[in-house]
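What follows is a set of notes on a single structure, which appears directly below.
The values are calculated or read from the model by the stated rules, or taken from the named source; none is laboratory data. Just so it is clear, the structure is predicted and the values come from calculations on it, not from any experiment. Glycine also receives a Cβ, built like all others from the backbone with ideal geometry; neighbour counts cover every protein chain displayed.
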Amino acid sequence: MSISFCLTSSGSESQSLAIRASKIWTITDGVITNGVIIINEGKIQSVGENIEIPEGIRVLDMSDKDVMPGMIDAHCHIGLSLDIFSEMDETVAAVAADMLILDAFNPYSDDVKKALSCGVTTIMLAPGNRNPVGGLPAVLKLDISKANDWVLVRAAGVEFSVMNEALMFDREPTSRAGLMDLIREELDKAKEDKDDGFNPTRDILKRVVVANKTAYIWARNVDEIASAMAIVDEYELKAVLVTAEQGDEIADMIAERNLPVIYPPLLLSSRDKDLKRAGKMANSGIKIAFASLTPRTDLHDLRTSAILAAKYGLDTETALKSLTINAAEILGVADRLGSISEGKDADLVILNGDPLQLTSSIEMVLINGNIVYQRQEE
Amino acid sequence: MRIHVILLTFLLLVSAFVAPGRAEVTVIKAGKILTMSGEPITDGVILVEDGKIAEIGTGIEIPEEAVVIDAGKSVVTPGFVDASAPAPVRGDLNEQSGEITPTLRISDALDPQSKTLKRVVQMGVTTLFVSPGPQNVIGGLGVVVKPSGKIPQQMIVKDEAALRIVMDLDATQGNRIPRYQSPTNFYYRRPGTRMAIIWMLRKSFFDAQRQADSEQIEDPNLAILSAALNDEIPIHVNARRAIVIRAALKVADEYGLKLIFQECTEGYKVAKQLAEKKIPVVLGPFYYYPGNMGQYREGRKVNWNNAGILAKAGVKVALSSGEQSGAIDMLTAAAFAVRHGMDRDEALKAITITPAEILGVAERVGSLEKGKDADIVILSGDPLDVTTRVEKVILNGKTVYQ
Amino acid sequence: MKNIKGFVILASLLLLFLSVGTLSGQEIAIKAGTILPISDAPIENSTILIKDRKIAAIGQNIAVDADARVIDASGKYVMPGMIDSQSRLFVIDNELNERRSIAPELNILDGLDPYIKEAPEVAAQGVTAVYITPGSRSLIGGSGAVLKLNGSKDVGKMLLKDNIAVKAAIGVSSNNQSSSLGRLANYSSIREALLETKIYMHNKEKHDREQAKYNKKKAEYDKKKEARPTEKVEKPKRPARFRPNPTREVLAKVLSKEIPLQIEVHRVTDILNALRLADEFGFKLILDKCTEGYLIAEEIARSKSPVILGPVSSSFADMPRLEYRHHDIRNAAILSGKGVKLALGVSGRDGASSKFVALAAAIAVANGMDRDMALRAVTLTPAEILGVADRIGSLQVGKDADIVILSGHPLDSLSQVEMVLIEGKTVFERKDQQ
């Protein structure tokens, strides 16, 4: 009774494929009932209700199943070494701006297989929250069978943290005031136009303060979010809040600044008060994408989060967006991912029921038109 | 089922009589109003509009739509100003990575959800001066805040309100050669003694002066110290023992610094000098709880006559909670001071307008005058009576505790 | 302002009069869209009649009192209150783990905190009863109890039944460290305790017989003495004193099959050990947690021992302990598929997780469990296993009126609980949000 994985051989990408499904959740164009998706060379060629299937192409008959775009985990730490909690954070130095998280990633780890079985096809691999100025996150597709193209973005911005987790007793900063001072100091230095030789930190931070690359800022409580907003305001940063769990309490301020939020997983052990927060934030106009923050939690929890949020006030359409297109837009890959639309990558998840039902299980997952996971029947 | 219906009924009946506090104009009637800016007003009225005091006195016309708080025979005072308050901050207060950290702003660490704020409000404190931690020689910039607002920025009354210098041995905390650790541990550094503290202070100001003279601002830390040298930022010095106070005065003379002393437990020994130099003093707690004293016990035996002696010598004295949360009550501090020699009116001013003046926020808080913030405390009786209770606290015109 | 005051006073007085009219004997009639009795197939468009805290009738043409309270649940689903058979609600961290190894006589009710704030949240999700057992740190730690979430702050008033089963644990590491020596010692300690109990029972029985004989002889002696006081008669000898041992008394009840022994087991070896113990001593066994049960499903089915399984997935609680290393989300489906009588418990670290018992069932369905069995696993099956099925677990005439009204099917993740009744009393009613 095992789960089998089909890593397809090369050459199959050029194969065309047609999928018939009971319900196609396009995300951006509503739900298509009894529709067809035509895939060609790894991309979605067409999707609709009455589409003629060309002669001779392979047909996947999923006419009693639901299809949705592959889910995007907006922030996780999978595939790092076995001693999972140490690889996420470069804790020796407070400023680790030039650490490329991709360097620590093992594409052949079991985590990747697990992710696929949970319907996650793209992730933002990120450092943790223990460095005030952290490393460089990456956006990856989990179809590791090909030698190319699975790294969508090698360094997608810079990670910052204003959480108390970034404080340590034996390394600076040890206090919140010190933390903010440090971040400001580094950003000020990056703004300067000095040329005093090799300084990777400054070059990288220049991307954020000058070249408008995204700053991903970890902040959970209201005071932390306020600190993050202060930095965003002072340095006119393009930013995304990571965690922002208490963001609903100051939702209007976050919405005002057009800050999207990467939201941590809602768990079956969460209290009612916390389960309502995501819905409240979305209703205030904040764009939310769910993250599993694995290994702190499980990859299953990504879809479970959306379901719980929907149960507690988030409307179902937005809940599905938060697993797909919202993350794609925040991560800057919406031209290729996040919805079932013509021209986008054929990254699809096939379920035996409504995606927002815990009773639905994932039957098959495709990336670039290739079957990368298939559930074994007993 | 029955119980619920009866309860609901009761609540409804009660709600019919309780006035909702949503109107913009509030009127407070009280038996005795201690304004701290003149004679007390008997049977007076305070008219509050949009969070500020619009009118105060007797014979004031009460508008129709005003919400009336009738405090009966109670005594009304301005909200108390704690010029050395416990810090509503999450996480560690002290930045251990260095001893001279003037650019650190404690306002960055404020936590509006801190339980400390609830506690101090219950004691009638409406304005707090929060300093960086006491473990650095020059700890950074303090901030004057009010216990209101959702985010730290909304709490701030005056940011970068003062530079904190700590001269007692507290500043040496953590700086030792750890016995079983390598010498490269970042706790292995000066100062370990009082000499080193004073040396570091001198060096910092010396460097600051040099940088200022050369007109090149290289180091933002020194820039802050320059501002302090030019009296642009007030300097608060924590000093308990008389020898430390004297040392501070010496450094101040050398660099032309204008100081304000905090704690100043043995201030009475140098009362004359302090008066001559017109140095204001914010006294610490009137009692250090043994559990709260930490490693450094010098100077923590309080002489209760301190406040009285300093005041009589002509020193501007404010009374504070000394960063001790929970137990020390502003009113009790004032009562103790009076019991041991301080003048009644001066003591009450010492927890209201005097600290406001010392902190430079007196145009907004500290006394009940037209145009100032409506921060008001209603007491059940004489403020210096130990059986008096805080009945109601109004902050920016809104009732925040009752 | 004055007008509003007047109106409010009037309304309040009116309510006061109304409240007087409410009698506890009032009938309640729920007009339901779909009734899920659990013990039977679903019933459409029928009424449930509640009288004196019990279900009095279910059907389409039922006579209802004129002044009955009518609850309109048309278009909604009505089911029995759900049961979390592995709850940590009301438990204060370490207060249910007595470090003494064998302490079955401890009363769990003494260790609960009814003031915990999570309880209303749990009831609001349709969970009306929870089964709480002592922790797994003692080998034999006391017995479990079923409480109803009726909102009372008095544990006694929440209690449905205690002494449900004596709780034991084999091979459970309390500090994330496991030594096989420890497990062996566990197993043999329990075996020893049971053997000693057998001896105790034997001694007790012997003493009882001797006592009976003595009583008879004493009666004869007294009679003789009364008739002829001066005559010398041999006074019968008292049997040796027998000191009752509370620990042994409880275990005696286990051996005599009065109370089941519930053993928490995770690994295959431990499950097999538990089955062996049950064979040897003949007690009624309940397998608790049964993490690796899926590997020996047929054997468990053959033993006919019921299983209380949990957590169904790692999403419920972090499962850092070594015992959960081979946890499989299909465990419930596999065991149930082989015919094992299975209850699904939440087993979350946080008491509040009890509220998502229905979602646990949904996750089990997603991983292969039959829908009806899954729903039964959080209602009637736990009631049967815990010996409270005469009162709760299904909608049948004569059972307690513990009823949940939902906007959709309970296995529908987005269903909202509209109303919860316990013994006819409303403990939760959903107020419209937005």
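Of the numbered conditions (1) farther than 16 Å from residue B:139 by Cβ; (2) more than 14 Å from chain A (Cβ to nearest Cβ); (3) part of a helix (DSSP H, G or I), residue B:228 satisfies every one except a single condition; which is it?
All conditions pass for residue B:228, except number (1).
Looking at (1) more than 23 Å from residue C:331 (Cα to Cα); (2) over 18 Å from the mean Cα position of the chain (by Cα); (3) not in a helix (DSSP H, G or I), which is the one condition that is false for residue C:247?
It is condition (3) that residue C:247 fails.
Among (1) within 24 Å of residue A:276 (Cα to Cα); (2) at pLDDT below 95; (3) part of a loop (DSSP other than H, G, I, E, B), where does residue A:323 come up short?
(2)
Table: residues versus (1) modelled with pLDDT of 85 or more; (2) in contact with a Pro (Cβ under 8 Å, 6 or more places away or on another chain).
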| site | (1), (2) |
| --- | --- |
| A:87 | no, no |
| A:93 | no, no |
| A:101 | no, yes |
| A:120 | yes, no |
| A:125 | yes, yes |
| A:141 | yes, no |
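Among the residues that make up the range A:131-150, is at least one of them without any contact (Cβ under 8 Å) to a residue 24 or more places away in the chain, in the same structural domain as residue A:106 (by TED's automatic domain parsing) and buried (at least 23 other Cβ atoms within 10 Å of the Cβ)?
So far as the range A:131-150 goes, no, none of its residues is without any contact (Cβ under 8 Å) to a residue 24 or more places away in the chain, in the same structural domain as residue A:106 (by TED's automatic domain parsing) and buried (at least 23 other Cβ atoms within 10 Å of the Cβ).
Does the range B:82-94 contain any residue that is away from chain A (no Cβ under 14 Å) and polar (S, T, N, Q)?
Pass one, the range B:82-94, residues away from chain A (no Cβ under 14 Å): B:82-86.
Filter once more, keeping what is polar (S, T, N, Q): B:84.
Yes; the residues of the range B:82-94 include at least one that is away from chain A (no Cβ under 14 Å) and polar (S, T, N, Q).
Pull up the range A:41-56, narrow it to residues that are in contact (Cβ under 8 Å) with a residue 40 or more places away in the chain and in contact with a Ser or Thr (Cβ under 9 Å, 6 or more places away or on another chain), then point me to the one that is nearest to residue A:149 (Cα to Cα).
Residue satisfying both the conditions and the ranking: A:42.
Within the range C:331-338, is even one residue hydroxyl-bearing (Ser, Thr, Tyr), out of contact with any Lys or Arg (no Cβ under 9 Å at 6 or more places or on another chain) and either at the interface with chain A (Cβ under 8 Å from one of its Cβ atoms) or closer than 22 Å to residue C:305 by Cα (or both)? Can you show your working first?
So the first thing to find is which residues in the range C:331-338 are hydroxyl-bearing (Ser, Thr, Tyr), and the list is C:336.
Now restrict to residues that are out of contact with any Lys or Arg (no Cβ under 9 Å at 6 or more places or on another chain): C:336.
Then keep just the ones that are either at the interface with chain A (Cβ under 8 Å from one of its Cβ atoms) or closer than 22 Å to residue C:305 by Cα (or both); that gives C:336.
Yes, the range C:331-338 contains at least one residue that is hydroxyl-bearing (Ser, Thr, Tyr), out of contact with any Lys or Arg (no Cβ under 9 Å at 6 or more places or on another chain) and either at the interface with chain A (Cβ under 8 Å from one of its Cβ atoms) or closer than 22 Å to residue C:305 by Cα (or both).
A quick yes/no check of all residues on (1) at pLDDT below 90; (2) aliphatic (A, V, I, L, M); (3) on the phi < 0 side of the Ramachandran plot; (4) not in a helix (DSSP H, G or I):
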residue: B:102; (1), (2), (3), (4): no, no, yes, yes
residue: B:117; (1), (2), (3), (4): no, yes, yes, no
residue: B:135; (1), (2), (3), (4): yes, no, yes, yes
residue: B:178; (1), (2), (3), (4): yes, no, yes, yes
residue: B:182; (1), (2), (3), (4): yes, no, yes, yes
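Among the numbered criteria (1) modelled with pLDDT of 80 or more; (2) under 29 Å from the mean Cα position of the chain (by Cα), which single criterion is violated by residue B:219?
Of (1) modelled with pLDDT of 80 or more; (2) under 29 Å from the mean Cα position of the chain (by Cα), only one is false for residue B:219: (2).
It is to be established whether one or more residues within the range A:252-268 are away from every other protein chain (no Cβ under 14 Å), β-branched (Val, Ile, Thr) and surrounded by fewer than 24 Cβ atoms within 10 Å (Cβ to Cβ).
no
Which ones in the range B:112-124 are crowded, with 22+ Cβ neighbours inside 10 Å and under 22 Å from residue B:236 (Cβ atoms)?
Correct list: B:117, B:120.
Name the residues in the range A:157-179 that are modelled with pLDDT of 85 or more and more than 7 Å from every other protein chain (Cβ to nearest Cβ), would you?
Once the filter is applied, which keeps residues that are modelled with pLDDT of 85 or more and more than 7 Å from every other protein chain (Cβ to nearest Cβ), the range A:157-179 yields A:157, A:158, A:159, A:160, A:161, A:162, A:163, A:165, A:166, A:179.
Scan the range B:228-241 and tell me whether some residue there is closer than 21 Å to residue B:200 by Cα, crowded, with 17+ Cβ neighbours inside 10 Å, of a type in the set (A, V, I, L, M, F, W, C) and free of Cβ contacts under 8 Å to residues at least 60 places away in the same chain.
Kept after step one, since they are closer than 21 Å to residue B:200 by Cα, are these residues of the range B:228-241: B:228-231, B:233-241.
Cutting the leftovers down to crowded, with 17+ Cβ neighbours inside 10 Å gives us B:228-229, B:233-241.
From the residues that got through so far, the ones that are of a type in the set (A, V, I, L, M, F, W, C) too are B:228-229, B:233, B:235, B:237, B:239.
Then drop every residue that is not free of Cβ contacts under 8 Å to residues at least 60 places away in the same chain, which leaves B:229.
Yes, the range B:228-241 has at least one match.
Which of the residues spanning the range C:418-434 are in contact (Cβ under 8 Å) with a residue 24 or more places away in the chain, in contact with a strand residue (DSSP E or B) (Cβ under 8 Å, 6 or more places away or on another chain) and either part of a strand (DSSP E or B) or away from every other protein chain (no Cβ under 14 Å) (or both)?
Residues satisfying the conditions are C:418, C:419, C:420, C:421, C:422, C:427, C:428.
For the range A:314-368, what are the residues that are under 24 Å from residue A:156 (Cβ atoms), among the small types (Gly, Ala, Ser) and under 16 Å from the mean Cα position of the chain (by Cα)?
Listed by number, the residues that qualify are A:322, A:327, A:328, A:332, A:334, A:338, A:339.
Would you mind finding the one in A:153, A:158, A:208, A:162 that is surrounded by fewer than 18 Cβ atoms within 10 Å (Cβ to Cβ), of a type in the set (A, V, I, L, M, F, W, C) and touching a helix residue (DSSP H, G or I) at 6+ places or on another chain (Cβ under 9 Å)?
Values: A:158 fails: surrounded by fewer than 18 Cβ atoms within 10 Å (Cβ to Cβ); A:208 fails: surrounded by fewer than 18 Cβ atoms within 10 Å (Cβ to Cβ); A:162 fails: surrounded by fewer than 18 Cβ atoms within 10 Å (Cβ to Cβ).
The match here is A:153.
Could you list, in sequence order, the residues of the range C:393-417 that are away from chain A (no Cβ under 14 Å), out of contact with any Gly (no Cβ under 7 Å at 6 or more places or on another chain) and not small (Gly, Ala, Ser)? Explain how you work it out, then say what you get.
Taking the range C:393-417 first, the residues away from chain A (no Cβ under 14 Å) are C:393-405.
Now narrow it down to the ones that are out of contact with any Gly (no Cβ under 7 Å at 6 or more places or on another chain): C:393-400, C:405.
The answer is C:395, C:396, C:397, C:399, C:400, C:405.
Could you say which residue among C:415, C:394 is in contact with a Pro (Cβ under 7 Å, 6 or more places away or on another chain), surrounded by fewer than 24 Cβ atoms within 10 Å (Cβ to Cβ) and either part of a loop (DSSP other than H, G, I, E, B) or not assigned by TED's automatic domain parsing to the domain that holds residue C:145 (or both)?
On the way: C:415 fails: in contact with a Pro (Cβ under 7 Å, 6 or more places away or on another chain).
Every option except C:394 fails the conditions.
Check whether at least one residue in the range C:74-90 is closer than 30 Å to residue C:310 by Cβ, more than 14 Å from every other protein chain (Cβ to nearest Cβ) and modelled with pLDDT under 90, and report yes or no. Can you show your working first?
Kept after step one, since they are closer than 30 Å to residue C:310 by Cβ, are these residues of the range C:74-90: C:76-90.
The next check asks that each one be more than 14 Å from every other protein chain (Cβ to nearest Cβ); those that pass are C:76-83, C:85, C:90.
From what is left, the residues that are modelled with pLDDT under 90 are C:90.
Within the range C:74-90, one or more residues are closer than 30 Å to residue C:310 by Cβ, more than 14 Å from every other protein chain (Cβ to nearest Cβ) and modelled with pLDDT under 90.
Among the residues of the range C:319-342, write down those that are at pLDDT 95 or above and surrounded by fewer than 18 Cβ atoms within 10 Å (Cβ to Cβ).
Correct list: C:338, C:339.
Within the group C:292, C:258, C:210, C:280, which residue is outside the structural domain of residue C:313 (by TED's automatic domain parsing), out of contact with any strand residue (DSSP E or B) (no Cβ under 7 Å at 6 or more places or on another chain) and of a type outside the set (Ser, Thr, Tyr)?
On the way: C:292 fails: outside the structural domain of residue C:313 (by TED's automatic domain parsing); C:258 fails: outside the structural domain of residue C:313 (by TED's automatic domain parsing); C:280 fails: outside the structural domain of residue C:313 (by TED's automatic domain parsing).
Criteria check complete, one pass: C:210.
In the range B:116-156, what residues are within 12 Å of the chain's Cα centre (by Cα), β-branched (Val, Ile, Thr) and more than 12 Å from chain A (Cβ to nearest Cβ)?
B:120, B:125, B:126, B:127, B:144, B:145
When the range B:45-74 is examined, which residues are found to be assigned to a strand (DSSP E or B), touching a residue at least 24 places away in the same chain (Cβ under 8 Å) and within 16 Å of residue B:369 (Cα to Cα)? Give the derivation first.
We begin by selecting, within the range B:45-74, every residue assigned to a strand (DSSP E or B); these are B:45-49, B:52-57, B:67-70.
With touching a residue at least 24 places away in the same chain (Cβ under 8 Å) added as a condition, the list becomes B:46, B:48-49, B:52-56, B:67-70.
Across the range B:45-74, the qualifying residues are B:46, B:48, B:49, B:52, B:53, B:54, B:55, B:56.
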